[in-house]
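Novice: Attaching a single structure in structure tokens format; questions to follow.
Please treat every number below as a calculation from the coordinates, not as lab data. Computed from a predicted model, the values in this text were never measured in an experiment. Neighbour counts run over all protein chains shown; Cβ positions are idealised from the backbone, glycine included.
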Amino acid sequence: MSEPLMPGPVRQTPPRGVGRRTLQIAGVVVIAVVLGLVLTFCAKSGAPGGSGGRGGGTGGRGGRPATTVGIAKVVQGSIPITLSALGTVTPMATVNVNARVSGMLDSVAFREGQTVAKGQILAQIDPRPFQVALQQAQGQLLRDQALLQEARLDLARYRTLKAQDSIAGQTVDTQGALVKQDEATVSADRANVGNARLNLSFTRVTAPVSGKVGLRQIDPGNQITANASTPIAVVTQVDPITVVFSLPEENIPAVNKQGGAGLTVTAYDRAGGTVLATGTLATLDNVIDTTTGSVKAKARFANGGGALFPNQFVNVILLVDTLQNQAIVPTTAIRHGPQGDYVWVLQSDQTAMSRPVTVGPGTAETVSIVSGLKLGETVITDGGDKLKDGAAVVLPGKNPAGGGGPGGRHRHGPGGGSGHHHGQGAGGSAGGGSSGG
């Protein structure tokens with residue numbers, strides 16, 4: 001008799017439809033992950049987020065995005081022709097204030113750094129020895145004048161006696177020579193008096209020029225000598241003041257053509273960003289330095305405010321000429337290629353085309369165009385490094401063409417979406433159109 005069979009484990013069969021639901025959920029998760037990765041990649045790489053550019057891109061050709069650029073108009077204006085140089089501020093006069101007589105320095109009548117006028121007293125030397133010398137010279141003069149007067153009286157008497165044939169003629173002649181001798185002595189005495197008076201005046205040391213006094217070199221109470229190597233102080237004339245600079249010899253004809261002296265000169269600080277003073281060209285030197293091939297020039301500036309300091313280094317801009325009625329564009333619009341200079345010109349269909357130009361004189365900000373452009377045309381100043389002929393561009397503050405425009409294809413994607421989904425693409429473009437699905 002056979003044994004009854006034991007029941008095995010019962011396999012639970014999932015209800016129909018559960019496996020299919022699980023697969024659907026997994027598929028949605030995978031799609032969401034892939035969609036997130038695509039959005040992240042587009043945001044990092046600057047890929048367009050909108051839809052409907054030419055050839056499937058956003059506002060570009062051949063799948064490339066449009067480039068945001070800066071623009072400027074070709075305008076008419078003037079271009080200054082200038083020469084640049086490094087100059088040194090030089091005082092009009094630098095004078096050492098020395099004593100002209102020896103003696104003890106009694107007092108100093110100036111403050112260091114003070115501005116003084118010509119003839120103003122700066123120091124006082126002990127005048128007493130010079131006053132005594134003056135009195136002595138005056139006394140000697142009076143004595144000799146009395147002797148001269150006596151000799152003249154004697155000469156008059158001798159002439160009277162000679163007329164009476166009472167004395168010899170030799171006596172008259174001798175007395176006449178004595179009178180002349182006394183006259184010479186009196187003349188020398190007068191010179192001695194003048195010299196003593198002059199030396200007395202030299203005890204008052206005065207400013208030889210108007211200017212600024214430097215540091216005091218000798219203190220009161222010291223014995224000083226005439227014309228010593230160490231001055232009492234140094235006075236520099238700082239208003240007006242000059243700047244000395246050098247120009248290449250090839251610029252001499254251009255300067256002379258405009259008359260040379262009188263051209264406008266602007267002095268900037270050493271960094272070149274701040275205007276210190278504006279003056280005029282005084283003169284060019286009369287020889288060229290053969291070692292450097294340059295000629296020295298001197299410009300004069302009013303310096304009432306003291307903006308220019310002696311021996312200061314400054315940047316000098318010499319205005320040689322001004323060109324009028326020139327076609328002008330920003331310097332950043334000019335580009336350089338193997339074939340020469342060119343610019344990107346903005347076309348009416350918002351594309352860029354390169355055009356060769358001939359560049360004329362310019363400044364740091366603007367440059368003149370001799371040929372290649374017309375007034376009123378628009379050139380690209382920024383963002384032209386990645387452009388090619390025919391490339392679409394986006395102007396500042398504008399949105400690129402797209403979002404279902406001609407040549408585009410409606411599709412659901414990042415930044416486009418269906419219904420009224422708003423997204424922002426690269427280059428500041430907003431995909432805000434209603435892309436129907």
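Novice: Among all the aspartates and glutamates, which ones have a C-alpha under 16 Å from LYS118's C-alpha, if same-chain residues fewer than 8 places away are not counted?
Specialist: Counting by Cα, and skipping residues close in sequence, LYS118 has these aspartates and glutamates nearby: ASP239.
Novice: Then there's this: Where a ≥ b ≥ c are the square roots of the eigenvalues of the C-alpha gyration tensor, would you call the stretch 111-263 rounded, which needs a/c under 1.5, or, failing that, prolate if a/b is larger than b/c, or oblate?
Specialist: Since a/c reaches 1.5 but b/c is at least a/b, the shape of the stretch 111-263 is classed as oblate.
Novice: May I ask you to order 88-95, 354-361 by the average number of other C-beta atoms within 10 Å around their residues, highest value first?
Specialist: Taking the mean over residues of other Cβ atoms within 10 Å, the ranking is 88-95, 354-361.
Novice: Distance between Cα centroids, the stretch 156-175 to the stretch 294-344: provide it in whole Å.
Specialist: 91
Novice: Taking θ as phi - 60°, what are the ³J(HN,Hα) couplings along the stretch 321-329 by the Karplus curve (6.51, -1.76, 1.60), each to the nearest whole Hz, with x for Gly and Pro?
Specialist: Per residue, the Karplus-derived 3J(HN,Hα) values read 7, 9, 8, 9, 6, 9, 6, 10, 9 Hz.
Novice: May I ask for the percentage of alpha-carbon pairs in the stretch 128-202 that lie more than 15 Å from each other?
Specialist: For the stretch 128-202, the fraction of Cα-Cα distances above 15 Å is 60 percent.
Novice: Here is a further query. If amide H atoms are built 1.01 Å from N in the plane of the peptide, which residues on other chains or at least 5 residues away come under 5 Å of the amide H of ALA277?
Specialist: Under 5 Å from the amide H of ALA277 lie the amide H atoms of ALA267, each far enough along the sequence or on another chain.
Novice: How long are the three semi-axes of the equivalent ellipsoid of the stretch 225-308, in whole Å, if each is the root of 5 times an eigenvalue of the C-alpha gyration tensor, listed from largest down?
Specialist: Semi-axes from the Cα gyration tensor: 28, 20, 12 Å.
Novice: Near the amide H of VAL97, under 5 Å away, which other amide H atoms are found, from residues 5 or more places off or on another chain, if H is placed in the peptide plane?
Specialist: Close amide H contacts, sequence-distant or interchain: ILE232, ALA233, VAL234, VAL235.
Novice: Averaging over all projection directions, find the projected area of the Cα convex hull of the stretch 252-369 and quote it in nm² with one decimal place.
Specialist: 11.6
Novice: Hey, another quick one. Report ³J(HN,Hα) in whole Hz for each residue of the stretch 90-106, in order, from the Karplus equation J = 6.51 cos²θ - 1.76 cosθ + 1.60 where θ = phi - 60°; Gly and Pro get x.
Specialist: Values, residue by residue: 10, x, 5, 8, 10, 10, 7, 8, 10, 6, 9, 9, 8, x, 8, 7, 6 Hz.
Novice: Rank by packing, highest mean first: peptides 111-117, 232-238, with packing defined as the count of other Cβ atoms within 10 Å averaged across residues.
Specialist: Ranked by mean Cβ neighbours within 10 Å, highest first: 232-238, 111-117.
Novice: Say the dipole of the stretch 128-202 comes from +1 at the beta carbon of Lys and Arg and -1 at that of Asp and Glu; which of THR174, THR185, PHE130 then lies farthest toward its positive end?
Specialist: Farthest towards the positive pole: PHE130.
Novice: Another one. Amide H neighbours of LEU122 under 5 Å, counting only residues 5+ apart in sequence or on other chains, H built in-plane at 1.01 Å?
Specialist: VAL205, THR206, ALA207
Novice: Right, something else. Show me the ranking of peptides 387-394, 216-223, 147-154 by mean Cβ neighbours inside 10 Å, starting with the highest.
Specialist: Top of the packing list down: 387-394, 147-154, 216-223.
Novice: From the phi angles alone, apply the Karplus equation (6.51, -1.76, 1.60; θ = phi - 60°) to the stretch 230-236 and give each ³J(HN,Hα) in whole Hz, x where the residue is Gly or Pro.
Specialist: Residue by residue, the stretch 230-236 yields 9, x, 5, 6, 10, 10, 10 Hz.
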